[in-house]
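The values are calculated or read from the model by the stated rules, or taken from the named source; none is laboratory data. Bear in mind the structure is a predicted one, so any value in this text is a computation, not a measurement. Backbone-built Cβ (ideal geometry, glycine too); neighbour counts: all protein chains shown.
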Amino acid sequence: MNATKFHRTLTALAAALFLPAPVARATWVSAESSNINVETRWVLAESSNVSVETRDWVYLTVTSPHGITDPVAGQHQYAPNATVQLSAGDPDPGYLFSKWTGDANGNANPLSVLLDFNKTINAIFAPDGRDPDGDGLTNYQELVVYHSNPDVWDTDGDGFSDGYEVTSGFIPTDPNSSPDTQLVIYTAVEVRFGAGLGKSYRVESSMDLVNWAPVEEHIAGTGGTIARLYSVQEIPKRYFRSVRE
Ligand SMILES: [Ca+2]
Ligand SMILES: [Ca+2]
């Protein structure tokens, strides 16, 4: 015999013997009314004596993916129209508290929240863009991406800044990974021209033999040959000429 059938049997037996009906078990019923969750608790003590207890709640849901808040991230239950002080605390390394979004805005900290309806508020901790050691990497890049020291210009002590190592393809936390191991050879052009003593010259270059731009100016003549080397990495094909100023 299951519990329900047993209860019915007891009730029928009690009625037959003119005894009070057995006490039923308490039952919880939840419902939702508009935007406020209503939780109603029904307690059946006796068949002739029913009491009802009703409670209303509002919920504050907090998200905070890169820092700590108080109350902490999650869902919290309050009485309707309660005012809650929501504060942003310690950020994760490399982040800074920025603002509130969702059912709040601005960056007041702490933030006073009136819970006149269920609210979701997001604490936005943004990447810390400061660079206190001046090495060209932000605190976020140092702490989260490259794991270098945000307060030390040259974390691995190899004589190159953390930022220079990153931009040149080396590891800023490994002294064995250093830009001074890098040697690159490029070709250049050598320009030679006769330059009279006491005269001044400039060297110009052109892509089309029509438009000329100065490459070097105020070259003092020596009464002999002047020789100059010019890189051709950025403009590999161009013409050169020397001009007396
Ligand atoms: Ca830095
Ligand atoms: Ca270094």
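Considering every residue within the range 149-163, establish whether at least one is aromatic (F, W, Y) and either within 14 Å of ligand 2 (Cβ to nearest atom) or not assigned by TED's automatic domain parsing to the domain that holds R228 (or both).
Scanning the range 149-163 turns up at least one residue that is aromatic (F, W, Y) and either within 14 Å of ligand 2 (Cβ to nearest atom) or not assigned by TED's automatic domain parsing to the domain that holds R228 (or both).
Could you check the range 216-233 and list, in sequence order, the residues that are under 10 Å from G194 (Cβ atoms) and small (G, A, S)? Can you show your working first?
Residues of the range 216-233 that are under 10 Å from G194 (Cβ atoms), as a first pass: 221-226.
If the condition is that a residue be under 10 Å from G194 (Cβ atoms) and small (G, A, S), then G221, G223, G224 are the ones that fit.
Please verify whether I171 is at pLDDT 95 or above, more than 16 Å from ligand 2 (Cβ to nearest atom) and either outside any loop (DSSP other than H, G, I, E, B) or in contact with a Ser or Thr (Cβ under 6 Å, 6 or more places away or on another chain) (or both), treating the condition exactly as stated.
Details: at pLDDT 95 or above: yes; more than 16 Å from ligand 2 (Cβ to nearest atom): no; either outside any loop (DSSP other than H, G, I, E, B) or in contact with a Ser or Thr (Cβ under 6 Å, 6 or more places away or on another chain) (or both): yes.
No; evaluated as a whole, the condition is false for this residue.
Just give me the residues in the range 127-136 being within 15 Å of the chain's Cα centre (by Cα) and part of a loop (DSSP other than H, G, I, E, B), in sequence order. Don't jump to the end; show me each part of the working.
Quick first cut of the range 127-136, residues within 15 Å of the chain's Cα centre (by Cα) only: 127-130.
Once the filter is applied, which keeps residues that are within 15 Å of the chain's Cα centre (by Cα) and part of a loop (DSSP other than H, G, I, E, B), the range 127-136 yields D128, G129, R130.
Would you mind stating whether D162 is touching a helix residue (DSSP H, G or I) at 6+ places or on another chain (Cβ under 7 Å), crowded, with 16+ Cβ neighbours inside 10 Å, touching a residue at least 12 places away in the same chain (Cβ under 8 Å) and over 30 Å from R228 (Cβ atoms)? Give the derivation first.
Details: touching a helix residue (DSSP H, G or I) at 6+ places or on another chain (Cβ under 7 Å): yes; crowded, with 16+ Cβ neighbours inside 10 Å: yes; touching a residue at least 12 places away in the same chain (Cβ under 8 Å): yes; over 30 Å from R228 (Cβ atoms): yes.
So D162 passes the test.
How many residues are surrounded by fewer than 17 Cβ atoms within 10 Å (Cβ to Cβ) and either outside any loop (DSSP other than H, G, I, E, B) or within 16 Å of ligand 2 (Cβ to nearest atom) (or both) if we restrict to the range 100-126?
Here the count works out to 6.
Counting only residues that are under 28 Å from the mean Cα position of the chain (by Cα) and touching a residue at least 24 places away in the same chain (Cβ under 8 Å), which one in the range 172-210 is farthest from ligand 1 (Cβ to nearest atom)?
In this case the residue turns out to be T173.
Among the candidates V43, V50, V58, V29, single out the residue that is in a strand (DSSP E or B), at pLDDT 95 or above and among the hydrophobic types (A, V, I, L, M, F, W, C). Even if it seems obvious, please write down each step before you answer.
Details: V43 fails: at pLDDT 95 or above; V50 fails: at pLDDT 95 or above; V29 fails: at pLDDT 95 or above.
Of the residues listed, the single one that is in a strand (DSSP E or B), at pLDDT 95 or above and among the hydrophobic types (A, V, I, L, M, F, W, C) is V58.
Tell me, which residue of the range 212-245 that is assigned to a strand (DSSP E or B) and of a type in the set (V, I, T) is nearest to the chain's Cα centre (by Cα)? Talk me through it step by step, then tell me what you get.
As a first pass, look at the range 212-245 and keep what is assigned to a strand (DSSP E or B): 213-220, 224-231, 239-244.
Next, only the ones that are of a type in the set (V, I, T) stay: 215, 219, 225-226, 243.
Numbers: V215: 45, I219: 53, T225: 60, I226: 57, V243: 56 Å.
Looking at residues that are assigned to a strand (DSSP E or B) and of a type in the set (V, I, T), I get V215.
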